[in-house]
Each structure stands twice: as C-alpha cells, then as structure tokens.
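Student: Got a structure for you, questions after.
The values are calculated or read from the model by the stated rules, or taken from the named source; none is laboratory data. Note that the coordinates shown come from a computational prediction; the quantities given were computed from them, not determined experimentally. Here the Cβ is made from the backbone with ideal geometry for all residues, glycine too, and neighbour counts use every protein chain on show. Ligands, DNA and RNA are excluded from the accessible area calculation, which covers all protein heavy atoms including side chains. Shrake-Rupley method; radii C 1.70, N 1.55, O 1.52, S 1.80 Å.
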Amino acid sequence: MNEQRQVIVNKILEKQNLTLALIRKQIFDIFDLSQTKFDADNYYDQKRALEYTSANEVSQERLSNNTALLAQIKKSDLVLDLGCGSGLSMLAAKRKNAFVIGFDLSSSMLELVDRKQNGDVIKLDLKQKLPFRDKIFDSAMSVGAIHFLQEYESKLKQMFFEVNRVTEENSPFAFQLFPSKKDQNQTLKLETAS
C-alpha cells in the first residue's frame, strides 16, 4: 500500500514540476515578446486570458498576498493595482476590506474581473499618465506587470513618478516583477542548481 501511495505522490510531484516549468516558460516567453512591440489585446484573446488566469491562480494568490502585506493595505484603504490582469492580484487587497481600482492594457483580461468581488477596473497602459487626481490612493501594488517596462528606463521612471503623484505622501508601493532578459539565464541556473 505504501508503494502505491509513493507512486501516486511521485506522479503528482512530477506533474507539479512540469507545470511549474511550463509556467516559467510561459512567463519568459511573454517577457521576450514584451521586448518587441507587445499588443496585449492581440496576445490575450479570450482563450489565452482564461488559460493564463486558471494556470496562475495559485501562484498569483501567494504573490498577491505577499505584495498586499508589503503595501500595508488596511481596511477601507483605496488601493491602486497596476497591471491587474484578470483581477487575481486585486483579491488580496479586497480580503483586507480595501477598495481597489485596477488597470490593465488587455480588454480580454479585464473582462474576466469580477467587479463585485474584486473592485473596479479601467483599460490603461503602464506607460500612460494616470487619470487620477493627486494623492488619492492610500497605497499601490503591482504583481507581474511592471517588468514589462524594465527595458524602457524613461517609461519606468514616469510610471514611478505617476504612482508617487497619485498616492498619499509616504504611501507604500509594493510590486513583484520578473528578472530582465539578461538576468533570466542566471535565474534559471540558480533554480536548476537547487
């Protein structure tokens, strides 16, 4: 009986490792594509938006919870979520009874957001000026989005300036990003070694 359990456990672990490898490949493929002209509406059609959401639900929850913790989100805070996608990252802030406004460039991803559960959303590019008045948000967060700006230093600086402009003074901005292309090979080597 123990042998059968071990076989089942090994198969589950193999599948999880395979799934993690596929998710990492998907992330790096998206990053590679982002370094050229990226069209979010073309890339994330309804099918791909659904696939991304279901494949990343668990990992996004963990990343979002950690990011929300770092953003020091409290009850009744007004939180800005940059690159909210299908709303997975917004849930962490909503669990803390905060009000969340998220934005993303992909219409298909935004269509998946449950606005009653997650918060409100608008279609907007990270590279754009934010259409909010000064000092309106209590904090800001971003999970898996701003790495798309790593190669565009002026746009990245502009985005940080805009977040600073629309958040209260000394408000936290917590974000998670993936390594730049030049750092990816080093990251993969470290993961392989462990």
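Here is a yes/no grid of residues against (1) closer than 28 Å to Glu153 by Cα; (2) over 16 Å from the mean Cα position of the chain (by Cα):
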| site | (1), (2) |
| --- | --- |
| Asn42 | yes, yes |
| Gln46 | no, yes |
| Tyr52 | yes, no |
| Gln60 | yes, no |
| Ser89 | yes, no |
| Ala98 | no, yes |
| Met109 | yes, no |
| Lys123 | yes, no |
| Ile136 | yes, yes |
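Student: Give all pairs with beta carbons closer than 8 Å in which a residue from region 42-54 that is polar (S, T, N, Q) meets a residue that is at pLDDT 80 or above and part of a helix (DSSP H, G or I); count only pairs at least 6 apart in sequence or on separate chains.
Tutor: Going by the 8 Å Cβ cut-off, the qualifying pairs are Gln46/Ser108; Gln46/Glu111; Thr53/Met109.
Student: Let me ask something else. Mind counting the residues in region 135-171 that are of a type in the set (Ser, Thr, Tyr), at pLDDT 90 or above and either open to solvent by less than 10 Å² (accessible area, probe 1.4 Å) or part of a helix (DSSP H, G or I) (or both)? Let's see the steps before the verdict.
Tutor: Kept after step one, since they are of a type in the set (Ser, Thr, Tyr), are these residues of region 135-171: 139, 142, 152, 154, 167, 171.
Among the residues that remain, those that are also at pLDDT 90 or above are: 139, 142, 167, 171.
Still in the list and also either open to solvent by less than 10 Å² (accessible area, probe 1.4 Å) or part of a helix (DSSP H, G or I) (or both): 139, 142, 167.
Qualifying residue count for the region: 3.
Student: Can you name the residue in region 56-84 that is of a type in the set (Ser, Thr, Tyr) and open to solvent by 10 Å² or more (accessible area, probe 1.4 Å) and, of all such residues, is modelled with the lowest pLDDT?
Tutor: Ser59
Student: Still on this structure: Scan region 55-84 for residues that are without any contact (Cβ under 8 Å) to a residue 24 or more places away in the chain, in a helix (DSSP H, G or I) and more than 17 Å from Phe175 (Cα to Cα) and report the count.
Tutor: The qualifying residues number 1.
Student: Of the residues Gly102, Gly87, which is open to solvent by less than 10 Å² (accessible area, probe 1.4 Å), part of a loop (DSSP other than H, G, I, E, B) and either touching a Ser or Thr at 6+ places or on another chain (Cβ under 8 Å) or not β-branched (Val, Ile, Thr) (or both)?
Tutor: Working: Gly102 fails: part of a loop (DSSP other than H, G, I, E, B).
Within the list Gly102, Gly87, the selection yields Gly87.
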